[in-house]
Amino acid sequence: MTVLLWILAVLAVPTLIFAVWIAGVFLKEFFNPSPDDGAEAAQAAEKLGLLPAERQSTDHPAPLPADWAAALDAVRRGDWQPAAELLRAIGRDWDRRTTVVGHLATLAAKDDEWLLAWEAARPEDPDAAVVRAQSTVYLAWELRGAKKAKYTTQEQFQGFHRTLAGAREEIARAATLNPDDPTPYVAEIWVALGLGYANAEMDKLWAEIKTRDPHHVGAHFSALQYWCAKWRGSQQLAFDFAERAAAEAPLGSLLTVLPLIAHFEHDESTDTAADNTPEMVARVDAGLADAAAADPTHPGLAQLRHLLAFYLHLQDRHEAALEQFKLVDGYVEALPWSYRGDGAAAYYCQVRNDTVRAVAAEA
């Protein structure tokens, strides 16, 4: 009898191995759809008018207004006057002003001949001054590089800190030339982050911004980075800042994006449970209401929509996610995609196509 049982056990081994193999194949296919599934989802997305990865812009979160694009093109040709006229026309719309200054400063950090010409023609122009200050901050971060501290050389750090110190003088000058403008102080947040301002010093800087524009989206985004655990704060400080700002802001201000960013920056889980809590569902619902009430041309709207699309997908709210994807498709320079570097467009399309597949399955 013992021999018979031993023989039956031996004969059962191949069957067990086959069963385990089949189960493994099934699970792998369930959690990682086959290339054919990916291709079908990509085709379904394209039928909806959504663009493939190679046609996604990694420069912006949304298309630029025509006058912004024209001014930037002129600057690339060395002509600063359309940029000066654009900032003059924007006037006291501080969020737009800060965003345009950022675009111009990005170009100036690479080649500032056009800015030097502007400064020579109008030495006391506050618009040229704030672009100069912001460009110096950007240059400092370029000198540092994007790698973690342990992979950054001493020479890089020295150049970084020296350039940030110089930026403080330029920021102070820009603030003096246009006392009502929060943009120089927004630029200084990245100096605070790089030079390691104490929390109390950051509070003073934040008071200057709040006095000038209490619901400035760009300022809040930058300040939240400062308060994150990876920089000068903690998870608790980041969430406290984000939740307080969102609660105090009027509907349509877009500051409901802050708790979503705080969650994204500190979420180290490997599944979607943390994204499906009642608290996270409520945050996404608040973001949807905020986006619906916002000025459709607000420069901060696209960032909120990108995060809404991402978290709606993770919450299996696929129809709503697809609606957001349709509104931002073609542009992927936004969280959560931008943290993937060169893989941003591919990651965006993967999540978007998964949403398309899920919507089709639910139909």
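The values are calculated or read from the model by the stated rules, or taken from the named source; none is laboratory data. In this text the structure is predicted, and so the values were computed from the model without any measurement. Neighbour counts are summed over all protein chains in view; Cβ atoms, including those assigned to glycine, are modelled from backbone coordinates with ideal geometry. All accessible areas refer to the heavy atoms of the entire protein, side chains included, with ligands and DNA or RNA removed. Shrake-Rupley method; radii C 1.70, N 1.55, O 1.52, S 1.80 Å.
Looking only at residues that are part of a loop (DSSP other than H, G, I, E, B) and open to solvent by less than 10 Å² (accessible area, probe 1.4 Å) in region 214-235, which one is nearest to residue 178 (Cα to Cα)?
So the residue we want is 216.
For the condition in contact with a Phe, Trp or Tyr (Cβ under 9 Å, 6 or more places away or on another chain), under 30 Å from residue 303 (Cα atoms), open to solvent by less than 70 Å² (accessible area, probe 1.4 Å) and at pLDDT 95 or above, what is the one hit in 56, 81?
Matching residue, one of 56, 81: 56.
Being among the acidic types (Asp, Glu), modelled with pLDDT under 95 and either part of a helix (DSSP H, G or I) or out of contact with any Phe, Trp or Tyr (no Cβ under 7 Å at 6 or more places or on another chain) (or both) is the requirement here; does residue 142 meet it?
yes
Under 9 Å between Cβ atoms, at least 6 apart or on separate chains: pull out the pairs that start in region 65-82 with a residue that is at positive phi and end on any residue that is in a helix (DSSP H, G or I).
Once the first residue is at positive phi and sits in region 65-82, its partners that are in a helix (DSSP H, G or I) give 78/113; 78/114; 78/117.
Please state which of the following conditions residue 127 fails to meet, knowing it meets all the rest: (1) open to solvent by 30 Å² or more (accessible area, probe 1.4 Å); (2) of a type in the set (Asp, Glu); (3) touching a helix residue (DSSP H, G or I) at 6+ places or on another chain (Cβ under 8 Å).
(1)
Every residue, every condition in (1) at pLDDT below 95; (2) part of a helix (DSSP H, G or I); (3) in contact with an Asp or Glu (Cβ under 8 Å, 6 or more places away or on another chain), yes or no:
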site	(1), (2), (3)
6	yes, yes, no
10	yes, yes, no
39	yes, yes, no
46	yes, yes, no
50	no, no, yes
68	no, yes, no
73	no, yes, no
99	no, yes, no
103	no, yes, no
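Kindly provide the set of residues from region 236-245 that are farther than 19 Å from residue 195 by Cβ and either modelled with pLDDT under 95 or open to solvent by 20 Å² or more (accessible area, probe 1.4 Å) (or both), ordered by number.
236, 239, 240, 243, 244
Criterion first (touching a Leu at 6+ places or on another chain (Cβ under 8 Å) and open to solvent by 50 Å² or more (accessible area, probe 1.4 Å)) does residue 111 satisfy it?
So residue 111 does not fit the description; no.
Filter region 157-213 for residues that are part of a helix (DSSP H, G or I), over 17 Å from residue 133 (Cβ atoms) and hydrophobic (A, V, I, L, M, F, W, C) and give the result.
Matches in region 157-213: 157, 200, 202, 206, 207.
Scan region 289-301 and tell me whether some residue there is of a type in the set (Val, Ile, Thr) and surrounded by 18 or more Cβ atoms within 10 Å (Cβ to Cβ).
The answer is no; no qualifying residue exists.
Inspect all residues belonging to region 262-271 and state whether any of them is open to solvent by 20 Å² or more (accessible area, probe 1.4 Å), in contact with a helix residue (DSSP H, G or I) (Cβ under 6 Å, 6 or more places away or on another chain) and charged (D, E, K, R).
yes
Take residue 117 and decide whether it is under 28 Å from the mean Cα position of the chain (by Cα), part of a helix (DSSP H, G or I) and in contact (Cβ under 8 Å) with a residue 24 or more places away in the chain.
no
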